[in-house]
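The values are calculated or read from the model by the stated rules, or taken from the named source; none is laboratory data. Every value quoted in this text rests on a predicted model; they were computed, and no experiment measured them. Positions of Cβ are backbone-derived with ideal geometry, glycine not excepted, and every protein chain shown enters the neighbour counts. These accessible areas exclude ligands, DNA and RNA; they are computed on the full protein's heavy atoms, side chains included. Shrake-Rupley method; radii C 1.70, N 1.55, O 1.52, S 1.80 Å.
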Amino acid sequence: MKVLVLVSLSVLSLAACGASKIPETSDVKALLESKIQGCKNIKIANAKKTNGYPHSTLADVHVVEYSYTLALKNPSEYKSLGGTYEKEKKTLQSFNSSIDDILTRSSAALAEKRNQEFAQLQSEGREIEKRKNEFMRQAKVVGNVSFKISQYYLEGCAESIEDVAPVSGFHGRQTLNVGLRPDSTDGWFDINDIGMTGKAMMRKTDNGWRAY
């Protein structure tokens, strides 16, 4: 019995020594990763606790400051969207060029009272507009670059992503707020990692440190 007691005391002693009295980087990483569960294309990288101190009024709460990076799980896949954009842009430019040509010819036909030609050109113009609109509905990137790229970053993410990502707008129409113009295509396609900082209150539980 004495041996069992000694072993038990040794185990308790080791557990006490191993227990973290303050949140560590591993706790911060777990907190951040809980916020991006379900996100298909982004991950937390380089999570690091940068500062920590007891809460001023809550005795069992600790405040942690941290830095981290939102990184793409597959940067090459994201980069391929840049190639898709270039192809779609050329197609869109072709539609717009055809429409401009129709408008120019229609104006001339109308001015010269070539009514049959004017009617035919109007019909052709409507058909091109119809095809253009259908193309835009199917386009992956062109037309609204910031929103389409934001959709890629945020695919599968829950609303809690707002706590750890520079997101603005309403759920379902969220965009990443990274200081770029809405359709600054070169800037968007250059972005692979987003450096972030944050602060959280954490409380020790039987399952480790958790957000307060």
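Quick notes on this structure:
- Matching entry among Asn177, Asn133 (being open to solvent by 60 Å² or more (accessible area, probe 1.4 Å), free of Cβ contacts under 8 Å to residues at least 40 places away in the same chain and under 24 Å from the mean Cα position of the chain (by Cα)): Asn177
- When Leu154 is tested against the conditions (1) under 26 Å from the mean Cα position of the chain (by Cα); (2) free of Cβ contacts under 8 Å to residues at least 60 places away in the same chain; (3) crowded, with 18+ Cβ neighbours inside 10 Å, the lone failure is (2).
- All positions within the stretch 153-201 that are outside any strand (DSSP E or B) and basic (Lys, Arg): Arg173, Arg181
- Residue tally, condition surrounded by 11 or more Cβ atoms within 10 Å (Cβ to Cβ) and among the charged types (D, E, K, R), over the stretch 102-125: 4
- The test for being outside any loop (DSSP other than H, G, I, E, B), touching a residue at least 12 places away in the same chain (Cβ under 8 Å) and of a type in the set (Gly, Ala, Ser) holds for Ser106.
- One residue stands out in the stretch 185-212 among those that are among the β-branched types (Val, Ile, Thr) and either loosely packed, with under 13 Cβ neighbours inside 10 Å or free of Cβ contacts under 8 Å to residues at least 60 places away in the same chain (or both): the one that is nearest to Asn74 (Cα to Cα), namely Ile191.
- Scope the stretch 51-61; condition open to solvent by 20 Å² or more (accessible area, probe 1.4 Å) and touching a residue at least 24 places away in the same chain (Cβ under 8 Å); matching residues: Gly52, His55, Leu58, Asp60
- Screening Glu65, Glu127 for residues that are outside any helix (DSSP H, G or I), modelled with pLDDT of 95 or more and not polar (S, T, N, Q) leaves exactly one candidate, Glu65.
- Test for Ser146: is it assigned to a helix (DSSP H, G or I), of a type in the set (Gly, Ala, Ser) and in contact (Cβ under 8 Å) with a residue 40 or more places away in the chain: yes
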